[in-house]
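The values are calculated or read from the model by the stated rules, or taken from the named source; none is laboratory data. Given the structure is predicted, the values throughout are model-derived calculations rather than measurements. All Cβ positions, glycine included, derive from the backbone under ideal geometry; neighbour counts span all protein chains shown. Just the protein is used for accessible areas: all its heavy atoms, side chains included, with ligands, DNA and RNA removed. Shrake-Rupley method; radii C 1.70, N 1.55, O 1.52, S 1.80 Å.
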Amino acid sequence: MAASKMRVVDIHTHMYPPSYIKILESRTTIPLVRTFPQTPEPRLILLEAELKALEEATNDPTAKPPGRPLTSHFASLAQKIHFMDTHGIDISVISLANPWLDFLSASESGKIGESVNQEFSRMCSEHPGRLFFFATLPLTAPLETVLAAISHVQSLQYCRGIILGTSGLGKGLDDPALLPIFEALAAANLAIFLHPHYGLPNEVWGPRASAEYGHVLPLALGFPMETTIAVARMYLSGVFDKVRDLRMILAHSGGTLPFLAGRIESCIMHDGQLVREGKAGKGRRTIWDVLKEQIYLDAVIYSEVGLKAAIDASGADRLMFGTDHPFFPPLETDEQGEWESVSLNADAVTKAVGEGSGEAKAIMGGNAIRILRLDQN
Ligand code: 5CU
């Protein structure tokens, strides 16, 4: 029997549609898009950790430009398809990049969310079978607007889930007020792609970070810790037991969750309060159980060491390849060519499970096709 061809699926790949970029251009506080005299390309400034650099560049035209260049990779569908073709990616599940609709007022987020989701739906319909999307929810709007948005996106042909930040309704993902939303998503068979944005407080990085360390600390450490904390809080609050059909895909291979799950378990078992309250007993589903039953992980971890931990924690049948395009472009080679950030993740899969192995095929695409129903157009 001929060996089946490997299909490559990118489940972690973002866009800001043009209408969203217009909103960012109209803003004076982050997130925003602004042009600076020191560089021709507009800059996209997203993160709290970029505030100091933004202030300095605003007051001093010789200061280094803040944020990242807003290249055509962020908003152009043609560029996304070119990127996919360049890297042998058959299917992409695109999603709005952070911070989604989190900064919009309660009165505007419902309408803007609807049009952003329509725009994603339209982009997918231009490339049937090659593009699917994770929708975005207007979480600052009243509950009925959020629930109506879930019904709306469930009806969109190419929608396979929703992308979610860790703030939820403002109080994190262990907030009981989120339960009806989690229940509605589970009932609609829409997976949650959990993605960080807020990182850790700026003070954690120390006084030298903004001037000397670029974006390394907030992105390499802040993002994964944010995801880890958000999911640990959900687990401790019992969300996964309350909504057994809830399915979550964690960005960046679950932050540090695969590495820290044992420690989380030990801390639960040795916590006097939790033991007294009967929350640490024998029949309980452990964080390991949740990792294997309700959680999927992307394979965006750039090394076989982290990837092996992710596979050990959740199983090779629950990992899905991703690129994080358009973030992490090459800085010294042509952006229209191959990106090292992509090959690092693809090589990690090969090194962890062997080139051409069944597990490699599953992680590179088979799992995503099965889990996200990508063979159903
Ligand atoms: O480089 C960055 O700031 C980011 C970001 O904001 N979001 C993301 O998904 N990856 C990298």
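Observations on the structure shown:
- Matching option when the condition is of a type in the set (Ser, Thr, Tyr) and without any contact (Cβ under 8 Å) to a residue 12 or more places away in the chain, among Ser253, Ser237, Ser266: Ser266
- All told, Ser109 meets the bar of being part of a helix (DSSP H, G or I), free of Cβ contacts under 8 Å to residues at least 60 places away in the same chain and open to solvent by less than 40 Å² (accessible area, probe 1.4 Å).
- Annotation note: of Ala209, Ala187, the sole residue that is on the phi < 0 side of the Ramachandran plot, among the hydrophobic types (A, V, I, L, M, F, W, C) and in contact (Cβ under 8 Å) with a residue 60 or more places away in the chain is Ala209.
- Residues satisfying the stated conditions in segment 325-371, i.e. part of a loop (DSSP other than H, G, I, E, B), touching a residue at least 40 places away in the same chain (Cβ under 8 Å), open to solvent by 10 Å² or more (accessible area, probe 1.4 Å) and within 15 Å of the ligand (Cβ to nearest atom): Phe327, Pro329, Glu335
- Tally, over segment 161-184, of residues that are touching an Asp or Glu at 6+ places or on another chain (Cβ under 9 Å) and either over 29 Å from Leu51 (Cβ atoms) or within 16 Å of the ligand (Cβ to nearest atom) (or both): 4
- Checked against the criterion of being closer than 29 Å to Glu56 by Cβ and open to solvent by less than 30 Å² (accessible area, probe 1.4 Å), segment 225-235 has at least one qualifying residue.
- Selection status of Ile301, open to solvent by 20 Å² or more (accessible area, probe 1.4 Å), of a type outside the set (Lys, Arg) and touching a Ser or Thr at 6+ places or on another chain (Cβ under 6 Å): yes
- Condition met for Pro128 (outside any helix (DSSP H, G or I) and more than 30 Å from Asn377 (Cα to Cα)): no
- Flag: Ser121 does not match the condition of being within 26 Å of Ile301 (Cβ to Cβ), in contact (Cβ under 8 Å) with a residue 24 or more places away in the chain, among the polar types (S, T, N, Q) and surrounded by fewer than 21 Cβ atoms within 10 Å (Cβ to Cβ).
- Screening segment 4-26 for residues that are touching a residue at least 24 places away in the same chain (Cβ under 8 Å) and farther than 16 Å from Thr136 by Cβ and picking the one that is nearest to the ligand (Cβ to nearest atom) gives Asp10.
- Among the conditions (1) open to solvent by less than 40 Å² (accessible area, probe 1.4 Å); (2) under 23 Å from Phe240 (Cα atoms), the only one that Leu147 does not satisfy is (1).
To keep it simple, each residue is scored yes or no on (1) out of contact with any strand residue (DSSP E or B) (no Cβ under 8 Å at 6 or more places or on another chain); (2) in a helix (DSSP H, G or I); (3) among the β-branched types (Val, Ile, Thr).
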residue: Ile150; (1), (2), (3): no, yes, yes
residue: Gly170; (1), (2), (3): yes, no, no
residue: Glu183; (1), (2), (3): yes, yes, no
residue: Ile192; (1), (2), (3): no, no, yes
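- Residue selected from segment 291-324 under the condition aliphatic (A, V, I, L, M) and not in a helix (DSSP H, G or I), by the criterion nearest to the ligand (Cβ to nearest atom): Val300
- Considered as a group, the residues in segment 4-45 that are modelled with pLDDT of 95 or more and basic (Lys, Arg) include one that is most open to solvent (accessible area, probe 1.4 Å), and that residue is Lys22.
- Of all residues in segment 3-59, those satisfying the criterion of being in a helix (DSSP H, G or I) and of a type in the set (Gly, Ala, Ser) are Ser19, Ala49, Ala53, Ala57.
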